[in-house]
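The values are calculated or read from the model by the stated rules, or taken from the named source; none is laboratory data. The structure presented is a predicted model; accordingly, all values stated were derived computationally and were not measured. Backbone-built Cβ (ideal geometry, glycine too); neighbour counts: all protein chains shown.
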Amino acid sequence: MGILSNIVKAIKGGANEMGESIVETQAVRIYEQEIREAEEAIEKAKKSLTGLKATEIALKRKLNGYEADITDYEGKALQALESGQEALAVEVAEHIAELETERDETSTEYNRLKEEVNGINRMIKKRDKTIQKNKRELEKVKTVQELQKATSSISSNIAATNSTEHRVSKALDRVKAKQARYKDEMEAGDWMAEENGTSTINSKLAAGGIGKSSQTGNSVLERLKAKQAKG
Amino acid sequence: MIANLDDLVFRLNNHTTDEGTRFDAVLSENGIIEVVCSNVSEFQINIASTETQLLSVTPLFLKSEVKPGGEAELNELLLQLSPAVPLSSIGLQGNTYILFGAMPLETSFENIVHELEVQAENTVEVLDAIEPLLV
């Protein structure tokens, strides 16, 4: 059974109230205990594994040695037979038989050890999976606990201001007003930038003698003189 | 990726998004970062952390703020809304309805900022949608 059902039990039992904690449940302690035990077992297994693996390697080397010796003596026994030294060939054959017995004994030991090493490796993997699974389960508890922590401070603030009706709606209005003002300011900023751009162009044009020339005292006097001449 | 919660606080306080959003972040005594996004300053976001994830939580309203008799309708509405809300989920923590997001601890700072901005926007949208069911 996963820890979620324990969380449900805790919630139903009112563990979400301030001051109480879901973490103090029996299930959490069991998960933590299992993690500790699994970690200890892995640690032990790894230590013995190193020794066993070394023995396994040594036995393999010994086995290879026997195989090489046997092949070597078989060749020599054949040579003895070919040269007619029957008695020597028998002696060598007996030695080969001894070597083969020793090889078989070593081989049995080697296989047993190899199986043991594999078994320990399987056990480590299994324990490791238990650790990962339990850690995931504990993460759920931790999440609920942290959510509780992260919610509680603001919740008490809300509770304190709850006397005001329409708290949410008022807060929303304030947010919207602020966002509208921000948008207006952005637009005003754009307008300002545009205006600055336009006036820069106009002043450049005026400086270049293009466009409307500004009214000056002289230009007005010229206009009046022209009017007088006509009249 | 952020180094720790202090680092996140420091970087949030010195950051302005492309949209001009700024953050006011404080690390509280109980290890929670309290963040106010300038675009939605009325609704604070709290950031908590576990061994694997960052949790961003915005308390929305209390059970007691739901119109009398409207709780079932509100709960169903929120369950239907939740899948449609990007990056955030809606939940109930004790007596408080919350909007929350979860990110792996390895999340880059830029993505954390993005998540916070979106969560702030989601808060306003969700509340706007269900506001008629609140007192």
Query - Options A:LYS126, A:LYS114, A:LYS149; residue that is basic (Lys, Arg), out of contact with any Leu (no Cβ under 7 Å at 6 or more places or on another chain) and facing chain B (nearest Cβ under 9 Å) - result: A:LYS149
Report task. Being closer than 21 Å to B:GLU34 by Cβ and either more than 9 Å from chain A (Cβ to nearest Cβ) or in contact (Cβ under 8 Å) with a residue 40 or more places away in the chain (or both) narrows it down to one of B:THR58, B:THR50, so name that one. Result -> B:THR58
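Conditions (1) part of a strand (DSSP E or B); (2) out of contact with any strand residue (DSSP E or B) (no Cβ under 9 Å at 6 or more places or on another chain); (3) of a type outside the set (D, E, K, R), marked per residue:
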position	(1), (2), (3)
B:ILE47	yes, no, yes
B:LEU87	no, no, yes
B:GLY91	yes, no, yes
B:LEU99	yes, no, yes
B:VAL113	no, no, yes
B:THR123	no, no, yes
B:ASP128	no, yes, no
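Matching residues to (1) under 25 Å from the mean Cα position of the chain (by Cα); (2) surrounded by fewer than 12 Cβ atoms within 10 Å (Cβ to Cβ):
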{"site": "A:ALA38", "(1), (2)": "yes, no"}
{"site": "A:GLU56", "(1), (2)": "no, no"}
{"site": "A:ALA68", "(1), (2)": "no, yes"}
{"site": "A:ALA89", "(1), (2)": "no, no"}
Query raised in the report: Just a yes or no: is a residue in the range B:83-91 under 24 Å from A:ARG136 (Cα atoms) and within 7 Å of chain A (Cβ to nearest Cβ)?
Result: no
Report task. Filter the range B:105-135 for residues that are surrounded by fewer than 15 Cβ atoms within 10 Å (Cβ to Cβ) and either in contact with a Pro (Cβ under 8 Å, 6 or more places away or on another chain) or aromatic (Phe, Trp, Tyr) (or both) and give the result. Result -> B:PHE109
**Report entry** Pair list, Cβ < 7 Å and 6+ apart or interchain, from the range B:115-129 residues that are within 10 Å of another protein chain (Cβ to nearest Cβ) to residues that are among the β-branched types (Val, Ile, Thr) and in a helix (DSSP H, G or I)
**Finding:** B:ALA120/B:VAL40; B:THR123/B:VAL40; B:VAL124/A:VAL175; B:VAL124/B:VAL40; B:LEU127/A:VAL168
Requested in this report: Looking for whichever is among the β-branched types (Val, Ile, Thr), facing chain A (nearest Cβ under 9 Å) and in contact with a helix residue (DSSP H, G or I) (Cβ under 9 Å, 6 or more places away or on another chain) here; the options are B:ILE112, B:ILE32. Which one fits?
Outcome: B:ILE32
Query raised in the report: Any idea which of (1) farther than 21 Å from A:ASP173 by Cα; (2) surrounded by fewer than 23 Cβ atoms within 10 Å (Cβ to Cβ); (3) not hydrophobic (A, V, I, L, M, F, W, C) is the one B:SER56 doesn't satisfy?
Result: (2)
**Report entry** Number of the exception - A:ALA97 against (1) within 14 Å of another protein chain (Cβ to nearest Cβ); (2) farther than 30 Å from B:THR96 by Cα; (3) out of contact with any helix residue (DSSP H, G or I) (no Cβ under 9 Å at 6 or more places or on another chain)
**Finding:** (1)
Report summary line: Picking from B:GLU65, B:GLU106, the residue that is farther than 28 Å from A:LYS135 by Cβ and charged (D, E, K, R) would be B:GLU65
Query raised in the report: From the list B:GLU106, B:GLU42, B:GLU76, which one is at pLDDT below 90 and not in a strand (DSSP E or B)?
Result: B:GLU42
